[in-house]
1. Out of the residues in the range 41-60 meeting the condition of being open to solvent by 100 Å² or more (accessible area, probe 1.4 Å) and of a type in the set (A, V, I, L, M), tell me which one is modelled with the lowest pLDDT.
2. List pairs: first in the range 3-20 and over 17 Å from Y37 (Cα atoms) and among the basic types (K, R), second in a loop (DSSP other than H, G, I, E, B) and open to solvent by less than 40 Å² (accessible area, probe 1.4 Å), Cβ under 8 Å, 6+ apart or cross-chain?
3. Looking at the range 3-25, is at least one residue at positive phi, out of contact with any Ser or Thr (no Cβ under 7 Å at 6 or more places or on another chain), modelled with pLDDT of 85 or more and open to solvent by 90 Å² or more (accessible area, probe 1.4 Å)?
4. Just checking, how many residues over the range 1-20 are out of contact with any strand residue (DSSP E or B) (no Cβ under 9 Å at 6 or more places or on another chain) and basic (K, R)?
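The values are calculated or read from the model by the stated rules, or taken from the named source; none is laboratory data. Being a predicted model, the structure only gives us computed values, none of them experimental. No Cβ is skipped: glycine too gets one built from the backbone with ideal geometry, and neighbour counts run over all protein chains shown. Keep in mind that these areas ignore ligands, DNA and RNA; they rest on the heavy atoms of the full protein, side chains included. Shrake-Rupley method; radii C 1.70, N 1.55, O 1.52, S 1.80 Å.
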Amino acid sequence: MPLCPICRKSPASPDFRPFCSRRCADVDLQGWLSGRYAIAAQEEDEPEADPLDHGGDDTA
């Protein structure tokens, strides 16, 4: 059974998988909420404007 990715001491518990306990699961959650963890993203170019869109409302 794989070890807990937070404490690396205990095997993962089926109730808190992949963590060994609620404490380790909460430590991981706090890492995400505090911004310590991040997923790299590639920014996309802005889409080109529609040449027929005049930026106003559609009422005549």
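1. Ranking the candidates gives A60 first.
2. Listed pairs, sorted by first residue: K9/C20.
3. yes
4. Total satisfying the criteria: 2.
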